[in-house]
Structures are given as structure tokens and as C-alpha cells.
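To start, the structure under review is shown below, and the notes come after it.
The values are calculated or read from the model by the stated rules, or taken from the named source; none is laboratory data. Here the structure is a predicted model, which means the values were calculated and not measured. Here Cβ is always computed from backbone atoms with ideal geometry, including for glycine, and neighbour counts include all displayed protein chains.
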Amino acid sequence: MKPVRTLIVDDSASMRATLKRMLSADPDIEVVGMAPEPFAARDMIKTLNPDVLTLDVEMPGMDGLSFLERIMRLRPMPVVMCSTLTARGAEVTIEALRLGAVDYVTKPSGTPEDIERDAALLCEKVKTAARSIARAGPQRLPDQPSVAGGGAGRLIAIGSSTGGVEALFSILPSLPADCPPVLIVQHMPASFTRSFAQRLDGECRVKVIEASDGAQVTPGTVYIAPGGETHMELAGGVNGRIRLLRGDPVGGHRPSVDVLFHSVAQLGSAAVGAILTGMGADGAQGLLAMRQAGARTLGQSRDTCVVWGMPRAAGELGAVEKEVGLAAMPEAILKACRETSKVGSV
């Protein structure tokens, strides 16, 4: 394989040098250029034709979001945002993911061990981005009266990772206000999930909140698992309670989609599971447990995934009852809520 040709865009000379050093240590990545601001980056994109762009969130002249929006409109390409772990950084990064950025990394800092860990993560995300499908932001799905209502006594569980923010911004605004409760694990740092929930809440008819330990699950509400510190489980039935449990990462993730899905499998045919775009296999075993218990299970189609990793892994296990494109996912989820599972075991 040819090295991933990467262009670094950051207004800090020291940060550009740090990112170049981190990326150049990987033989599968080639840094083809560095730009101090978007206007220089625009010209370098034309002449260098990079595979992936790393983009600073906040820069003088034109901020990273404005530049990203132009890129995704005029020349969609894989972009990895470089963010800070601040409230402002979280809000801007979530908007960048909504606009079509594939992923993000936090700016390297801390001890040499921290920086080494950050370097490995950055390189992995750049290489994953190179294999992703770039799109110009979330699809605005039309309201479909046929999917409104129904599904009483059901619960929806969704898992997603890379590309999931964009997918959820496409799916959740199409859900009706009276939809069954929705529990979601989206891989995301602890400092980001509250901003993510608040931003979604402003665009949806359903109520979207960051989940809290002990909260009772109610219809018309979407619960986003807090990032980083705990796993999220459902305790009790369809109208049970959220349980946030401290513990080691499962399959490298905390929160883990598998942990959520395994807990929801107790509901049997009262549950609907959907696994969306993401790298790796988190959620595959849990979705299989749900299907074997009688739940309806859906997987996002390959052609609409930014990274077709998690749905593919679930499909290979036989956990996915039906593969669905992103545009059809809201209707498919709610239709499944109104039906009884046709598959009790696989």
C-alpha cells in the first residue's frame, strides 16, 4: 500500500512540527505539506492532492469550521480535526463531525508517555480516515408521517463510532416525539457527550439528554451514554433505569456498545437494535445476543457508512437481521418497533 499522503493545517508552528513528527514516525503515512492557515491550505490541496487533511479547529483569518464546510461542499475529502478538551473545543468538534469530518484527535500534551499514546492514536485515525468515505455533512431526511407513532412497549438501542455523529444527526431528527425510548453508545470523550446531547436536543422532536445513573427510561427520550468513565446498561424492563458502571474498557472501549446491547437483550422481542458506522467490532456480540433473544436488529449499509467496520463485524456473526441505508434507517427502526421479531434464534 502507498503511504497515506497527509496535509497538516494548523496556525501554530510548534504544533505543526509536533504533528509532523508524530505522523512521520509511521511508515504508512507521508506528510506532504504543512499550512499555517486555510488560504494556504486551499492552494496546497490543489497542488498536492493529499489523501487526508488534519485541521485545527480555531485559526485566524478563516476558522476551521468555515474552511471545513467549504471543503466538504466543493471537494469532499477525509478530514481529521485537531481539538482541545475544553467546552468550546467540544462544541466546535461536534459541529465539525456534523459537517462531515471523519474523526478528531485532541492536541498532544502532557508527559512523554501521553504524547506517545496520542501519536499512536493520531496515526491510526489518519489511516482509518484514508479508507473512509467522505461526505458533505449529514443528510437532512424528510419528515415521514408513515413512521410517526406506534412502538409502545418497545425500546431502541443504537451503537456507533467513527462517522456516528454525522449519522445520528441524520437519524434522530426524523424520530417522532412519541417514539420509544432510545439508548445510544457513541464512542466519545467524557467532556464531549453532554455538548453532543445538547446539540442534538436542539434539532430533534424527541428529548435528547446525557444519561445519568438511576434515571428512569421514558418514551420520547434519547439517552446518550456519558463518555470515557463508565459503561451504560439497562436495568429492568422497557421502562427500567439507566445504570452507569465503572469498569475496565471492553474491547478497548468505555462506554462499550457490547455492554449496552447485552443488557438490552433481556427485553427479547421488546427491543430493537441498530449498529451504525464505526471502526472495529464493538457491538457485534451484543447485537447477536439481542437477535438470539428475539429482538429486531438492523445494520447500516456499507455504501452509507463512513467506516463499514462495526456493521460488517455484526453481519459476519449473523447478528444483523436487515441491512439498511442511512436515509431509510429512521423508518426501518420504527417499523421494527411495531412488528414482532421473525427470528428467535440464529
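Among the β-branched types (Val, Ile, Thr), touching a Lys or Arg at 6+ places or on another chain (Cβ under 8 Å) and buried (at least 18 other Cβ atoms within 10 Å of the Cβ): which single residue out of 277, 297, 304 fits that description? Matching residue, one of 277, 297, 304: 297.
To keep it simple, each residue is scored yes or no on (1) touching a residue at least 12 places away in the same chain (Cβ under 8 Å); (2) of a type in the set (Phe, Trp, Tyr); (3) more than 29 Å from residue 227 (Cα to Cα); (4) touching a Lys or Arg at 6+ places or on another chain (Cβ under 6 Å).
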site	(1), (2), (3), (4)
18	yes, no, no, no
23	yes, no, no, no
27	yes, no, yes, no
43	no, no, yes, no
57	yes, no, no, no
79	yes, no, no, no
93	yes, no, no, no
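Selection of first residues in region 108-120 that are surrounded by 11 or more Cβ atoms within 10 Å (Cβ to Cβ) and of second residues that are in a helix (DSSP H, G or I), restricted to Cβ pairs under 6 Å at least 6 apart or on distinct chains, gives the following pairs, ordered by first then second residue: 108/18; 108/115; 108/118; 119/22. When residue 46 is tested against (1) farther than 17 Å from residue 163 by Cα; (2) in a helix (DSSP H, G or I); (3) in contact with a Gly (Cβ under 7 Å, 6 or more places away or on another chain), only condition (3) is not met.
Take the conditions (1) at pLDDT 95 or above; (2) assigned to a helix (DSSP H, G or I); residue 195 misses just one of them, which is (1). Check region 133-147 and report whether any residue there is within 28 Å of residue 22 (Cβ to Cβ), modelled with pLDDT under 95, in contact with a Lys or Arg (Cβ under 6 Å, 6 or more places away or on another chain) and among the β-branched types (Val, Ile, Thr). No, every residue in region 133-147 fails to be within 28 Å of residue 22 (Cβ to Cβ), modelled with pLDDT under 95, in contact with a Lys or Arg (Cβ under 6 Å, 6 or more places away or on another chain) and among the β-branched types (Val, Ile, Thr). In this entry, residue 258 passes the filter for residues that are of a type in the set (Asp, Glu) and under 22 Å from residue 223 (Cβ atoms). For the structure I just gave you, tell me whether residue 54 is at pLDDT 90 or above and either within 19 Å of the chain's Cα centre (by Cα) or outside any strand (DSSP E or B) (or both). So residue 54 fits the description; yes.
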